[in-house]
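Step one of this worksheet: look at the structure below.
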Ligand code: SF4
């Protein structure tokens, strides 16, 4: 088996009681079969508490006020305290470590929804790189489209090289990667997969010759819009409604969404544009902040593209995987603008980390929300003629 992981992956250590939040509240913690079996046999008083704290039908821990039944008032785990780390179920033992499975390959990442992982991802100054490992294990996939997967991997490499090119403005990196993913989707839709390699070479040539803007324009001339640029008024308002339509994991998320309405969109387009301009003057155009700001965007984009892009091998939704990355960076930025206004036009690195992990908890870490959002992104941003296949 081959393994791939970000270079900082092994450095993760849970901060437990010092964590500004906890991963044991707000979502259902599913228990694997082996742990269920063990918990069912646990003896003594703790064994009784354990069995009474499990929803055996749903195979998860019960919650009290949306907190795991074992999470104590110090935000520490009573099960861990009583039985030690080996007794944790797979979900608790692994989080925030996340694995995407492909035939013969496991891609490991840290979930942005964990505050400590978000800190590691966002504070990484150098371009993230991926470490390869290998062992003797094998898997037994019944069906796997190797041909498509290898094209997706090649495409992701091109996306990475553009996203990590710090000589280019982030807006251009975003526009170019969006158009590359869209062109890939069109090739698939028109059953011209054999042209994808040429598409990649063409994009790489533009990158090398510093004519990526041309690549974007050529691609957009067919489509007629620039969906990658920031702050398109109508689009942002529509996207806010999509965020509102998703399932809430934490009730306080409503306040974050309300804040967007109140601070950004409530007084009309001109007012919104004025805020964006002022915000970018402070964080996007001053040379002291520009690099820092663009680096955060780059790290977020790399996180989303690395984690999700190759998953298109299972659903053919190539462009919505890229759109998910772009959408997420746009929205983390919108929420940051709200925080900046709320806090008297001040913003700290802690704000950036907190907004990012809160966003990830609500939107990206919930399978239902992630699927609903991806479907919406495909329906709204896929090139004309591309149709979402019914499951
Ligand atoms: S969210 Fe992350 S840092 Fe916080 S308790 Fe869970 S694993 Fe530890």
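Kindly list, by first and then second residue, each pair from a residue in region 147-161 that is at negative phi and in contact (Cβ under 8 Å) with a residue 12 or more places away in the chain to a residue that is surrounded by 14 or more Cβ atoms within 10 Å (Cβ to Cβ) and outside any helix (DSSP H, G or I), limited to pairs with Cβ atoms under 7 Å and residues at least 6 apart or on different chains.
Pairs found: 149/102.
Please list, ordered by first then second residue, the pairs with beta carbon atoms under 8 Å, 6 or more apart or interchain, first in region 1-29 and farther than 15 Å from residue 113 by Cα, second in a loop (DSSP other than H, G, I, E, B) and within 11 Å of the ligand (Cβ to nearest atom).
Final answer for the pair search is 17/75; 17/76.
I'd like the full set of residues that are near the ligand (Cβ under 7 Å from one of its atoms) and part of a helix (DSSP H, G or I), limited to region 15-34.
16
From the list 58, 45, exactly one residue is in contact (Cβ under 8 Å) with a residue 24 or more places away in the chain, outside any strand (DSSP E or B), away from the ligand (no atom under 16 Å from the Cβ) and surrounded by fewer than 15 Cβ atoms within 10 Å (Cβ to Cβ). Which is it?
That would be 58, the only listed residue that is in contact (Cβ under 8 Å) with a residue 24 or more places away in the chain, outside any strand (DSSP E or B), away from the ligand (no atom under 16 Å from the Cβ) and surrounded by fewer than 15 Cβ atoms within 10 Å (Cβ to Cβ).
Would you mention how many residues in region 89-107 are within 11 Å of the ligand (Cβ to nearest atom), assigned to a loop (DSSP other than H, G, I, E, B) and in contact with a helix residue (DSSP H, G or I) (Cβ under 8 Å, 6 or more places away or on another chain)?
Of the residues in region 89-107, 1 are within 11 Å of the ligand (Cβ to nearest atom), assigned to a loop (DSSP other than H, G, I, E, B) and in contact with a helix residue (DSSP H, G or I) (Cβ under 8 Å, 6 or more places away or on another chain).
Taking region 108-122 only, how many residues are in a helix (DSSP H, G or I) and within 8 Å of the ligand (Cβ to nearest atom)?
3
Tell me, please, whether a residue that is surrounded by 13 or more Cβ atoms within 10 Å (Cβ to Cβ) and within 16 Å of the ligand (Cβ to nearest atom) can be found in region 151-162.
Scanning region 151-162, I find no residue that is surrounded by 13 or more Cβ atoms within 10 Å (Cβ to Cβ) and within 16 Å of the ligand (Cβ to nearest atom), so the answer is no.
Residues to consider are 346, 302; find the one that is surrounded by 22 or more Cβ atoms within 10 Å (Cβ to Cβ) and touching a helix residue (DSSP H, G or I) at 6+ places or on another chain (Cβ under 8 Å).
302
For a quick check of your reading of the model, give me the residue pairs whose first member lies in region 85-96 and is within 18 Å of residue 12 (Cα to Cα), whose second is within 10 Å of the ligand (Cβ to nearest atom) and in a helix (DSSP H, G or I), with beta-carbon atoms closer than 7 Å and at least 6 apart or on different chains.
So the pair list comes out as 96/117.
Which of (1) within 11 Å of the ligand (Cβ to nearest atom); (2) in contact (Cβ under 8 Å) with a residue 60 or more places away in the chain; (3) part of a loop (DSSP other than H, G, I, E, B) is the odd one out, the single condition residue 75 does not satisfy?
Of everything listed in (1) within 11 Å of the ligand (Cβ to nearest atom); (2) in contact (Cβ under 8 Å) with a residue 60 or more places away in the chain; (3) part of a loop (DSSP other than H, G, I, E, B), residue 75 misses just condition (2).
Rule-based calculations on the coordinates, nothing more; no lab input. From a predicted model like this one, the values you see are computed outputs, not experimental measurements. Don't worry about glycine lacking a Cβ; one is built from the backbone with ideal geometry, like all the others, and counts go over all protein chains shown.
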